[in-house]
Amino acid sequence: MTSSMDEEITINPPATSDEDPQAEERLGFVREVGAQAVWSLSSCKPGFGVERLRDNIMDTYWQSDGQLPHLVNIQFHKRTNISQIYIYTDYKLDESYTPSRISIRSGTNFNDLQELQVMDLAEPTGWVQVPIKDGNVKSIRTFMLQIAVISNHQNGRDTHMRQIRIHAPVEGKHYPLELFGKFGTVDFQKFATIR
């Protein structure tokens, strides 16, 4: 880590967000690396833990159970390039449980985390993109990320987050699958399984 960046960003998304974090994955520009990490939470209600953040179902959510700030800790086994974080929230359903201010922190472990940026979220519904930067560099190399919910809308105590995706840039040439044709054809489906 070269330096800490105290950058504050305000996001005012439309009523519904059309951003799809999987679109860039399908194009081959980024890859989702959250599965390579160990996830932990500062607290959770029984049945609403970290597995809800990673199940790819927008109707489920992590619900905290304790005092602010609420923390999502993402620890990688090796230093990993991170370019973006996507967080799915739904103000219409969650109201006072929706985060209004989050902090993104990075480091090698819990003892040396540095704040990269603070974001204010104004009634977000859908995917919120959190670009990760360290100075002029468009991505960071880190062992650990921490997403801290500093406050909720309407001074809510507990928080809901529905999904989190972590993107790493793909280095080298990009080969989007669409360049090679449609993979849903009958001819392709014949070779989809090994007998």
Evaluate the relative contact order of segment 48-177 (contact order divided by residue number), counting alpha-carbon pairs under 8 angstrom at least 6 apart; express in whole percent. 41
Given H placed 1.01 Å from N in the peptide plane, which residues other than close sequence neighbours of Arg31 have an amide H under 5 Å from its amide H? Ala168, Val170
Between Gln163, Phe143, Gln114, whose Cα lies farthest towards the positive end of the dipole of segment 21-173 when Lys and Arg beta carbons carry +1 and Asp and Glu beta carbons carry -1, centred on the Cα centre? Phe143
What does segment 27-113 give for Rg and for Dmax, in Å, if only its C-alpha atoms count? 14.0, 40
3J(HN,Hα) from dihedral phi, segment 46-56, Karplus parametrisation 6.51/-1.76/1.60, rounded to Hz, x for glycine, proline: x, x, 10, x, 5, 4, 6, 6, 10, 8, 6
Given N residues in segment 21-173, what is Rg(Cα) / (2.2 N^0.38 Å)? 0.99
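With a 1.4 Å probe and all protein chains left in place, how much of the accessible area of segment 21-173 comes from carbon and sulfur atoms, in whole percent? All intermediate terms of the calculation are to be shown ahead of the outcome.
On the way: 3290 of 6810 Å².
Looking at segment 21-173 in its full context, I get 48 percent from C and S.
Quick check for you: with a 1.4 Å probe and neighbouring chains kept, what is the accessible area per residue of segment 21-173, in Å²? Could you put the intermediate results ahead of the total?
Numbers: 6810 Å² over 153 residues.
Dividing the accessible area of segment 21-173 by its residue count gives 45 Å².
The values are calculated or read from the model by the stated rules, or taken from the named source; none is laboratory data. Computed from a predicted model, the values in this text were never measured in an experiment. Neighbour counts run over all protein chains shown; Cβ positions are idealised from the backbone, glycine included. What goes into the accessible areas is simple: the full protein's heavy atoms, side chains included, and nothing from ligands, DNA or RNA. Shrake-Rupley method; radii C 1.70, N 1.55, O 1.52, S 1.80 Å.
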